[in-house]
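**Q** My questions will all concern the structure given below.
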């Protein structure tokens, strides 16, 4: 394995394991900033050793063992409660790498849930919670987070640093709260899980278009929340959305990893179990509340796709109406961009193009690759291939995801062949 191949492999492993490492280390040291530093120490050691020795058979367990030893070294150096150190050292010696690897797949989920509730404490602003979540749970860089939330990189970096300091100084407990405090944090927790799932469904950067394991983890956590708080409509709405979206994961990429757009996917291969679970959760959400919230509305949109046997049978008029409702309860340029796509499909690309052109002046969408990508799609359908080619190339220059870049450049080439 070459050095570059090893680095790509280690990066992929890190993206899969980092949240679990940080969650487990936070439980040990009770400081999320320190936990992240210790996890990164383990990553640095891996980057130094693995290209020479090869990737371990169980890399997640290797990283966990290394990180825990770093944590114990830190506790020893700082002379924190000799008794606590002795207990931690004893616990580590009792576990083999197989035990730790097993914990990664099973018991560690509780730590992830505690980490989410910790980072969603009201002592942090909503923007800080989002930034810290994308950093710790999704493993994104500050640049990737900035692109995801349409904010400057320096602003994101400051938010993350301040958030870690605030959690440390406030001594926020590493636990799932109960009673009213649980309900107070619910909205932020749902947003965190939603962001986790979205990052897995459409990766911000990297060599792969999707990160299925991140989707699975978000869905699992969503199901746990639904059990804890069974009478909240939006909890079931979010679960419904993730279930239905998960049904399409295997058809979103080809066997060689190339992206497959929604209208080109083989619907016969959509996971019907996920769809049934999603529709049942959506029905539960509708039964609990009269007015659908943002997650339930997005689930209803996904349900329209899931219930259409072919792409041509999709009820785009209903989808456009649902996006209109979504824009009322969750107004944002991104929702408007999606509404433009639905209107284009329902009434023609000229109508969608009109909305997108109006959005072109939106400051928050500057540098957002999907704006020129969608505009290019509309122009292509209208036969304006030269303009469409320019838009697809611009979108390709903006995205950090290799697979998406390849797709956009391919569409630009298709336009060029039509000129």
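**Q** Please work out the C-alpha center-to-center distance from segment 317-337 to segment 188-213 and express it in whole Å.
**A** Each part reduced to its Cα centre gives a spacing of 21 Å.
**Q** Please give the Cα centre distance for segment 11-32 versus segment 122-168, rounded to the nearest Å.
**A** The two parts, judged by their Cα centres, are 16 Å apart.
**Q** Now for a separate question. Over the Cα atoms of segment 166-318, what is the Rg over Rh ratio if Rh follows Kirkwood?
**A** Reported Rg/Rh, Kirkwood definition of Rh: 1.02.
**Q** In addition: Note down the relative contact order for segment 270-419 as a percent, whole number, built from C-alpha pairs under 8 angstrom at least six residues apart.
**A** With pairs under 8 Å counted, the relative contact order is 13 percent.
**Q** For segment 319-386, state what percent of all Cα-Cα pairs lands in each successive 10 Å bin, counting from 0 Å until the bin that includes the largest distance.
**A** The percentages, shortest bin first, are 23, 53, 22, 2.
**Q** On a full-extension model of 0.36 nm per residue, what is the gain between residue 110 and residue 354, subtracting their alpha-carbon distance, rounded to one decimal in nm?
**A** In short, 83.1 nm is gained.
**Q** Still on this structure, please answer the following. Sort 334-346, 259-271, 318-330, 240-252 for me by packing, meaning the mean count of neighbouring Cβ atoms within 10 Å per residue, highest on top.
**A** Top to bottom by mean Cβ count within 10 Å: 240-252, 334-346, 318-330, 259-271.
**Q** Any idea what angle helix 316-329 forms with the longest principal axis of the chain, computed on alpha-carbon atoms, 0 to 90 degrees, nearest 10?
**A** Taking the Cα atoms of the chain, the angle to 316-329 is about 50 degrees.
**Q** Now for a separate question. Angle, helix 402-418 long axis vs. longest principal axis of the chain, Cα atoms, 0 to 90°, nearest 10?
**A** 20 degrees
**Q** Additional query: Percent relative contact order of segment 278-334, based on C-alpha pairs within less than 8 angstrom and at least six residues apart?
**A** Taking the mean separation of contacting Cα pairs over the length of segment 278-334, I get 33 percent.
**Q** Moving to a separate point now. Would you mind calculating the gained length between residue 280 and residue 409 on full extension (0.36 nm times residue separation, minus the Cα-Cα distance), in nm to one decimal?
**A** Here the answer is 42.5 nm.
**Q** With a bin width of 10 angstrom, please list the P(r) values of segment 124-243 as percents of all Cα-Cα pairs, from the 0 bin to the one holding the largest distance.
**A** Each 10 Å bin holds this share of Cα pairs: 13, 41, 35, 11, 0.
**Q** Run the numbers on the chain and let me know its relative contact order in percent, using alpha-carbon pairs under 8 Å that are six or more apart.
**A** Relative CO of the chain lands at 11 percent.
**Q** At 25 °C and a viscosity of 0.890 mPa s, what translational diffusion coefficient does Stokes-Einstein give for segment 188-269, taking Rh as the Kirkwood radius over Cα pairs? Give it in µm²/s as a whole number.
**A** Stokes-Einstein gives a translational diffusion coefficient of 184 µm²/s.
**Q** Sort 380-393, 295-308, 168-181 by packing, meaning the average of other beta carbons within 10 Å per residue, with the highest value first.
**A** For the peptides 380-393, 295-308, 168-181, the packing ranking is 295-308, 380-393, 168-181.
**Q** Right, another one. Rank by packing, highest mean first: peptides 358-368, 224-234, with packing defined as the count of other Cβ atoms within 10 Å averaged across residues.
**A** Top to bottom by mean Cβ count within 10 Å: 224-234, 358-368.
**Q** Taking Cα atoms, how many degrees apart are the long axis of helix 333-347 and the longest axis of the chain, rounded to 10 and kept between 0 and 90?
**A** 40 degrees
**Q** Enter the Cα centre distance for the pair segment 354-419 and segment 232-259, rounded to the nearest angstrom.
**A** 24 Å
**Q** Once you have a ≥ b ≥ c as the square roots of the Cα gyration tensor eigenvalues for segment 106-175, tell me rounded if a/c is under 1.5, and otherwise prolate or oblate according to whether a/b is larger than b/c.
**A** Oblate, since a/c reaches 1.5 and b/c is not below a/b.
Each value in this text was obtained by applying a stated rule to the coordinates, not by laboratory testing. Because the structure is a prediction, the values reported are computed rather than measured. Ideal geometry is used to build each Cβ from the backbone, glycine not excepted, and the neighbour counts take in all protein chains shown.
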